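Colleague: One structure follows; several queries about it will come next.
Bear in mind that the values in this text are calculations on the coordinates, not laboratory data. Please read these numbers as outputs of a predicted model, since none were measured by experiment. Backbone-built Cβ (ideal geometry, glycine too); neighbour counts: all protein chains shown.
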Amino acid sequence: MWHGYLSAAAFIMLIFFASSGILLNHPDWLGAGRKDKPLINIQLSESELQSIKQSETPETVLTARLRQETRLIGQLKDAEFTEFDGVLRFAGVKGKTDVFLDFETGIAEVEVQAANVTSIIHDLHRGKDAGAFWKAFIDITAGLILLMSIAGLILFFSLRFRLAKSLKIMGGMLGVIALLFVFLTP
C-alpha cells in the first residue's frame, strides 16, 4: 500500500528528472541557440556615481538603479568595485546578466543572456543557480523516490516465490553498474 501511495506522489517528479537526465546527454535535441538582447548602455549621473562609491553596499545601489531602466536576469552572484570601475554578475536558471560600470564615463553596460530550453532543463535537473526552494524540491523528490524504492524492496522480500529471482536481478544490476564504472568511465 505504501509503495503505491509513494509511487503516485513521486511519479511526475520521477518523469521530470528521468527525462531531463536523458536531455543532459543529448542537449542538441532541443536546440542550443540563445536569444541575446543587445548590449544596453545606461548613463548614470554624477550624483548616482557618488552614491555608489560612498555606499557600503555599492552593488545594491547600482542594482536598484539599473532595475529602473532594464530587466536583469538572475540573482546577484558576484560584485567587484575599484575606484575606476565596477562589475556585477547575475546568474539564474532563466539566464545571466553581466554589468560593467565605468566610473569615469558614468556608463553602465548591461549584457543580458536569456537561457534556452535546454539550459533551463539542465540547471533545474542539477539545481544549479535554482535557489533554495528548488533545491529543497530536489531533496524532497529524492526522498520520495528513495522511500518508494525501499518500499519496493520490502515488497520483493515479502514475496517468497519471487525472492530468489529478485535478489539475482538486484545483484546483477549492482554488478553491471560496478563494471560500467570500472571499465567504461574515464
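Colleague: So which aspartates and glutamates can LYS135 reach, going by Cα to Cα under 15 Å and dropping same-chain residues fewer than 8 places off?
Modeller: Those aspartates and glutamates meeting the cut-off are ASP123.
Colleague: Pick the calculated Cα Rg over 2.2 N^0.38 Å for this structure from [x] 1.55; [y] 1.06; [z] 1.17?
Modeller: Read-out taken from this structure: [x].
Colleague: Could you give the angle, 0 to 90 degrees to the nearest 10, between helix 160-184's Cα long axis and the longest principal axis of the Cα atoms of the chain?
Modeller: The helix 160-184 is inclined about 40 degrees to the chain.
Colleague: Could you derive backbone 3J(HN,Hα) for region 96-111 from the dihedral phi with the Karplus parameters 6.51, -1.76 and 1.60 (θ = phi - 60°), listing whole Hz in sequence and x where the residue is Gly or Pro?
Modeller: Each residue's phi maps through the Karplus curve to give 9, 9, 10, 10, 10, 10, 9, 5, 6, 8, x, 9, 9, 8, 10, 10 Hz.
Colleague: Quote the charge dipole size of the chain about the Cα centre in Debye, to the nearest 20; the model charges only the Cβ of Lys and Arg (+1) and of Asp and Glu (-1).
Modeller: 1780
Colleague: Quickly rank 174-182, 73-81 as a protection proxy: mean count of other C-beta atoms within 10 Å, highest first. Before the final figure, lay out the partial values.
Modeller: Working: 174-182: 9.7, 73-81: 14.9.
Most protected by this proxy first, the peptides run 73-81, 174-182.
Colleague: With n ≥ 4 as the cut-off for DSSP H runs, can you work out [θ] at 222 nm for the chain, using -39500 (n - 2.57) per run divided by the number of residues, rounded to the nearest 500? Present the calculation step by step, with values, prior to reporting the outcome.
Modeller: Numbers: 6 runs with 106 residues, N = 186.
Dividing the helical sum by the residues of the chain leaves -19000 deg cm²/dmol.
Colleague: Students often check this: by mean Cβ neighbours within 10 Å, which of 89-96, 106-113 ranks highest, and how do the rest follow?
Modeller: 89-96, 106-113
Colleague: So, one more: Which one of PHE157, PHE17, PHE137 has the biggest mean-square fluctuation once the chain is modelled by GNM with Cα springs under 10 Å?
Modeller: Comparing PHE157, PHE17, PHE137 in the GNM, the peak value goes to PHE157.
Colleague: Here is a follow-up. For Cα pairs less than 8 Å apart in space and 6+ apart in sequence, what is the mean separation divided by the residue count of the chain, i.e. the relative contact order in percent?
Modeller: Details: 222 pairs, mean separation 43.9, N = 186.
Worked out over the chain, it gives 24 percent.
Colleague: For the chain, with the dipole built from +1 on Lys and Arg beta-carbon atoms and -1 on Asp and Glu ones, taken about the Cα centre, which of GLN113, SER166, GLY143 lies farthest toward the positive end?
Modeller: Of the listed residues, the answer is SER166.
Colleague: Quote to one decimal, in nm, the extra length available between ASP78 and ARG126 on full extension: 0.36 nm per residue of separation minus the C-alpha distance between them. Mind dumping the intermediate values first?
Modeller: Details: separation 48, 0.36 × 48 = 17.28 nm, distance 2.07 nm.
Full-extension gain reported as 15.2 nm.
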